[in-house]
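Single-structure report; data block below.
The values are calculated or read from the model by the stated rules, or taken from the named source; none is laboratory data. Quick caveat, the model's predicted, so the values are computed rather than measured. Cβ coordinates were reconstructed from backbone atoms using ideal geometry, including for glycine residues, and neighbour counts include every protein chain displayed. To get the accessible areas, we keep the full protein, side chains included, count just its heavy atoms, and leave off ligands, DNA and RNA. Shrake-Rupley method; radii C 1.70, N 1.55, O 1.52, S 1.80 Å.
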Amino acid sequence: MTTETGKSRLIEDMKMHSGQDPNGCYQCGKCSAACPVSAALDLKPHQVLRYLQMGLENELAESKTPWVCASCFTCAARCPRDIDLARVMEGLRLSILRNRGGNKFGPAELTPEQLEKLPQQALVSGFRKYNK
Amino acid sequence: MPRTGVFICHCGTNIAGTVDIDKTVEASRNFPGVVHADEYRYLCSEMGQDIITKAIKENDLDRVVVGTCSPRMHENTFRKAAAEAGLNPYLLEVANIREHCSWVHKDMEEATPKAIALLRAAAAKAALNEALEAPRLDVEKRALVIGGGIAGIQAALDIAEAGYEVDIVEKDPSIGGRMAQLEKTFPTLDCSACILTPKMVEAAQHPNINLLTYSEVDEVKGFVGQFDVKIRQKARYVDPVKCTGCGICWEKCPSKAPSEFEMGLSKRKSIYVPFAQAVPMVPVIDRDSCLYFRKGRCQICEKECPPQAIDYEQQDEIIERRYGAIVVATGFDQLDPTIYGEYGYGQHPDILTGLEFERIFNASGPTGGKVVKLSDGKPPKKVVFIQCIGSRDKARGMNYCSKICCMYTAKQAILLKEKVPDAKSYVFYIDVRTGGKGYEEFQRRAAEEHDVAYMRGQVGKIFPEDDHLVVRGIDSLTNRNIEIKADMVVLAAATVARGDAPELGRLVGINSDSYHFFNEAHPKLKPVETHTAGIFIAGACQAPKDIPETVSQASAAAVKAIGLLSKEKLQGEACTAEVIQSDCSGCLNCEAICPYTAITPVEIEERYKDGVLKRTVAEVNPALCQGCGSCAVTCRSGSINLKGFSNDQIMAEVDAICLQR
């Protein structure tokens, strides 16, 4: 899904959530070299940044990497370009969830019991987040 | 009333495209005192200058205003044109209607009145301009070179060959610098010492060169042509006249300290020369480790020295000398990679920096030229080189590229293959940068003919395991994580400015960038000049660079110094500060703020009632004043005027703009 300006909405959302700019990356790969779960990733951390630079949002949305990422922050600590890759991953997770559409937590899907037990605030915030 | 002429330049379409020239000329005719106004397509051309010269003569003009580009560009051109017509050049005023007007505006309707306002201001100021004379200053026909590495040696040799005296101040006991530490040089694999030592000897023997080793600059005063410098010659505790360099003292000396020249990889004696080809071959005693200086006993060197050259009573000596020009060539340091915990530098003897590895190759180095691991003395079979350690790193290191690492790494990998034929090298790189004659071919030779595996990627962690070092990296071209069980790791640590560069810059009076590399006056057109006249820079103190570039820059700096020294007299600054002593309250804030020590207190006598009052006021030495104006703005009683920019002149400009909109 792209916005009117031709930009990827997923990637723009990621930038907004994380405050990180993938264009700062020069692909040295130090994040991937340091990542303790690198072996379990279908896209290595440096590839994620490259895909972000190239605007490959579908591939990113389907990648397991953001979900396998353990948020250990080693990548962020090592990055010579001062990019907080752990934030990028979190930003991606948020953007993917929020962009999935559909009524992930629509009120109709919840049982009356759930609706009664869950705090109002959690419900409202859940709808706001996932009901776009 | 002055007779002012106004000349407006089209600058092609640079000015005329945005400023209505005809309207501007017409408006100029109505300025007070203006008797002539004209325009031309390119006023800076010879034709344009002729127009000004002729008009001055024909119309008997005594003031000239030109509406052109910035005075930084062509003020001198127009001043010369005015002088040619017999007008004092300081009676000409430039209104910058290009950079300050046409280039920053798009709308002619708005730019034209602004250009007119700027011209009106310039005419108002010009009316108050006074004829000024630039003082003629003497030039001391001697140069000072700070730093005795290849840059300093080259600059000194060139200046000396032109027939001028040169002093080289080197803080270490020998000249030679970083180049003396190198094994071979890329891309030709010349032996570094073999090409450097003849130059060191030549410098030492040159009748015009005076070596001041183990010396530091303590103070620089004065200005171009007349720098008064205090040099501290540190006590060697060895009489250089008596010493024959026989070496008995350092053979017999019982105490040791880490060798600076060997990057701390081996020890030297407490009385030592840094390396075998040192120039001069006169040792120094390191007080911090010497038994005699620490505990008051030993004195073996003194007992053993055949010519009795040891002198424990020697003191630092201060040499005061005047120089016409100064070349700063203080070189570089290597970043200490300890800040990168993931590389484990300093925690294992087989993790080295590039410069340390260079010493491992050297026949007189810590391993006697055998390429072996420092941990167990065995030759390394797998060596991992990692590039950009602290370079191109805005998070924890330096944002710039260190420029030399790609090449020296390729060189070291080739040398390794020659010394240890069954060794395998791996180079982790981000980009390979090989700009330079024969450089790309050299690097490709390493990859294609010397079995060096180039991996595009970085290393995330290094740790010892059993008898090797585990290197975990990535090859970003296959996106595979790589694990290498290496015998040795070489870190291409960033080239950084000398630790004492900021202090030296302050001392000498030149500025530097945020990494403490000294700034050139213009990045393209003045690469060896600094913003301080008469002070030049050469070599890696300006930015990371290799030997050929350093040598070219050193020769360039030398030519600039020679050009300066060859002048009989220098033209000084005409726009100097002047104290109106009757108004001066003698607070001397100006003396404190003057960067050129041009202001001193003097006592004057004034008539007061029936008697005479003595009081202290400030006085400016016009030979020292560079016209910066700091004193004028500091002066609380407004009693300092900068000639050519007096308070009245500035106010006249402001009034001309503000009162006649």
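For the stretch B:391-449 and the stretch B:321-369, what is the centre-to-centre distance using only Cα atoms, to the nearest Å?
17
How much length, in nm to one decimal, is gained on full extension between B:S582 and B:I248, taken as 0.36 nm per residue of separation minus their Cα-Cα distance?
So the chain would gain 113.2 nm between B:S582 and B:I248.
Please report, as a whole percent, how much of the solvent-accessible surface of the protein assembly as shown comes from carbon and sulfur atoms (probe radius 1.4 Å).
49
Using amide H atoms built in the peptide plane, which far-off residues or other-chain residues are under 5 Å from B:K267 H to H?
For B:K267, whose amide H was placed from the backbone, the distant partners under 5 Å are B:S259.
Using amide H atoms built in the peptide plane, which far-off residues or other-chain residues are under 5 Å from B:G149 H to H?
Sorted by chain and number, the residues that satisfy this are B:G176.
First select every other residue whose beta carbon is under 12 angstrom from the beta carbon of A:R81; then total the charges, Lys and Arg +1, Asp and Glu -1.
Net charge in that neighbourhood comes out at +1.
Where nothing but the Cβ of Lys and Arg (+1) and of Asp and Glu (-1) is charged, how large is the charge dipole of the protein assembly as shown around its Cα centre, in debye to the nearest 20?
The calculation lands at about 2080 debye.
Largest first and in whole Å, what are the equivalent-ellipsoid semi-axes of the stretch B:435-522 based on the Cα gyration tensor, each being the root of 5 times an eigenvalue?
Semi-axes, largest first: 37, 21, 13 Å.
Would you please give the FRET efficiency between B:E26 and B:K106, computed as 1/(1 + (r/R0)^6) with r the Cβ-Cβ distance and R0 = 30 Å, to the nearest 0.05?
That pair, B:E26 with B:K106, gives E of 0.85.
Among the listed pairs B:K394/B:K545; B:K184/B:K242; B:K171/B:K256; B:K417/B:K526, give every one whose C-alpha distance is greater than 31 Å.
B:K184/B:K242; B:K417/B:K526, as the Cα separations exceed 31 Å there.
May I ask you to give the average projected area over all directions of the convex hull of the Cα atoms of the stretch B:64-178, in nm² rounded to one decimal?
12.5
Can you give the accessible area of B:W250 in Å² (nearest 10), computed on protein heavy atoms with a 1.4 Å probe?
Number for this one is 60 Å².
The stretch B:336-377: which residues show an accessible-area loss of 30 Å² or more, assembly versus chain alone, 1.4 Å probe?
B:E342
How shielded is B:478-485 by partner chains, expressed as the average number of their Cβ atoms within 10 Å of its Cβ atoms?
3
Round to the nearest 0.05 the FRET efficiency obtained for A:A77 and B:H531 when R0 = 25 Å and r is the Cβ-Cβ distance.
The calculated FRET efficiency here is 0.05.
Could you give the spread of the C-alpha atoms of the protein assembly as shown along their three principal axes, from largest to smallest, in whole angstroms?
In descending order, the Cα extents are 100, 93, 58 Å.
Give the span of the stretch B:422-466's Cα atoms along each principal axis, as three whole-Å numbers ordered largest to smallest.
Between the extreme Cα coordinates on each principal axis of the stretch B:422-466 lie 42, 26, 12 Å.
Let me check against my output: what whole-number percent is the relative contact order of chain B, with C-alpha pairs under 8 Å and at least 6 apart?
It comes to 13 percent, rounded to a whole number.
Give me the residues in the stretch A:4-37 whose solvent-accessible area, probe 1.4 Å, is reduced by at least 50 Å² once all protein chains are included instead of the chain isolated.
The answer is A:Y26, A:C28, A:K30, A:A33.
Considering amide H positions built from the backbone, and no H for Pro or chain starts, which residues 5 or more places from B:V34, or on another chain, come under 5 Å of its amide H?
B:T4
Return, in residue-number order, each cysteine of chain A whose C-beta is not under 4.7 Å from any other cysteine's C-beta.
Taking the Cβ cut-off of 4.7 Å, the unpaired cysteines of chain A are A:C25, A:C28, A:C35, A:C69, A:C72, A:C79.
Please report, to one decimal in angstroms, the Kirkwood hydrodynamic radius of the stretch B:4-128 built from all distinct Cα-Cα pairs.
Result for the stretch B:4-128, one decimal place: 13.8 Å.
Compute the angle between helix B:547-565 and the longest alpha-carbon principal axis of chain B, please, reported from 0 to 90 degrees and rounded to the nearest 10.
For B:547-565 against chain B, the angle is about 40 degrees.
Looking only at other chains, what is the average number of their beta-carbon atoms within 10 angstrom of each beta-carbon in A:76-86?
For this peptide, the per-residue mean of nearby foreign Cβ atoms is 4.
Explain nothing, just compute: Karplus ³J(HN,Hα) = 6.51 cos²θ - 1.76 cosθ + 1.60, θ = phi - 60°, for every residue of the stretch B:628-638 in order, whole Hz, x for Gly and Pro.
Rounded to whole hertz, the list is 6, x, 4, 5, 4, 7, 7, 4, 6, 9, x.
If you add up the charges near B:D467, with Lys and Arg at +1 and Asp and Glu at -1, over every other residue whose beta carbon is less than 15 angstrom from its beta carbon, what do you get?
0
Treating only the Cβ atoms of Lys and Arg (+1) and Asp and Glu (-1) as charged, compute the dipole magnitude of the stretch A:10-68 about its Cα centre; round to the nearest 20 debye.
300
Percent relative contact order of the stretch A:9-100, based on C-alpha pairs within less than 8 angstrom and at least six residues apart?
Value for the stretch A:9-100: 41 percent.
Sum up the charges of everything whose Cβ sits under 12 Å from the Cβ of B:A81, counting Lys and Arg as +1 and Asp and Glu as -1, but leave B:A81 out.
0
Counting every Cα pair in the stretch B:349-496, what percent are over 17 Å apart?
The answer is 60 percent, as a whole percent.
List the aspartates and glutamates whose Cα lies under 16 Å from the Cα of B:K57, skipping any in the same chain that are fewer than 8 positions away.
B:D38, B:E84
Among A:C72, B:V217, B:Y596, flag the residue with its Cα farthest along the positive direction of the charge dipole of the protein assembly as shown, charges on Cβ as +1 for Lys/Arg and -1 for Asp/Glu.
A:C72
Ranked from highest to lowest mean number of other Cβ atoms within 10 Å per residue, what is the order of the peptides B:368-379, A:86-97, B:344-355, B:604-615?
Most protected by this proxy first, the peptides run A:86-97, B:344-355, B:368-379, B:604-615.
Rounded to the nearest 0.05, what FRET efficiency do B:E130 and B:Q314 have when you use their Cβ-Cβ distance and R0 = 41 Å?
0.15
How many Cβ atoms of partner chains, on average, are near each residue of B:463-474 if near means within 10 Å of its Cβ?
Rounded to a whole number, the mean comes out at 2.
Could you pull out every one of the lysines with an alpha carbon less than 27 Å from that of A:K7, ignoring same-chain neighbours closer than 8 positions?
A:K15, A:K44, A:K64, A:K104, A:K129, A:K132
With a 1.4 Å probe, how much accessible area is buried between chains B and A, both sides summed, in Å² to the nearest hundred?
Using a 1.4 Å probe, the pair buries roughly 1600 Å².
Per-residue ellipticity at 222 nm for chain B, helices alone: DSSP H runs ≥ 4 residues times -39500 (n - 2.57), over residue total, nearest 500 deg cm²/dmol?
-8500 deg cm²/dmol
Taking just the C-alpha trace of chain B, give me its Rg and Dmax in Å.
31.6, 101
State, to one decimal in nm, how far the label point of B:A257 lies from the label point of B:I650, with both points 7 Å from Cα in the Cβ direction.
Spacing of the two 7 Å Cα→Cβ label points: 5.2 nm.
Counting heavy atoms of the protein chains only and a 1.4 Å probe, report the per residue accessible area for the protein assembly as shown as a whole number of Å².
Accessible area per residue, the protein assembly as shown: 47 Å².
Mind putting a number on the dipole of chain B about its Cα centre? Charges go on the C-beta only, +1 for Lys and Arg and -1 for Asp and Glu, and I need it in Debye to the nearest 20.
1320
Using the alpha carbon gyration tensor of chain A, what are the three equivalent-ellipsoid semi-axes (square root of 5 times each eigenvalue), largest first, in whole Å?
31, 17, 12
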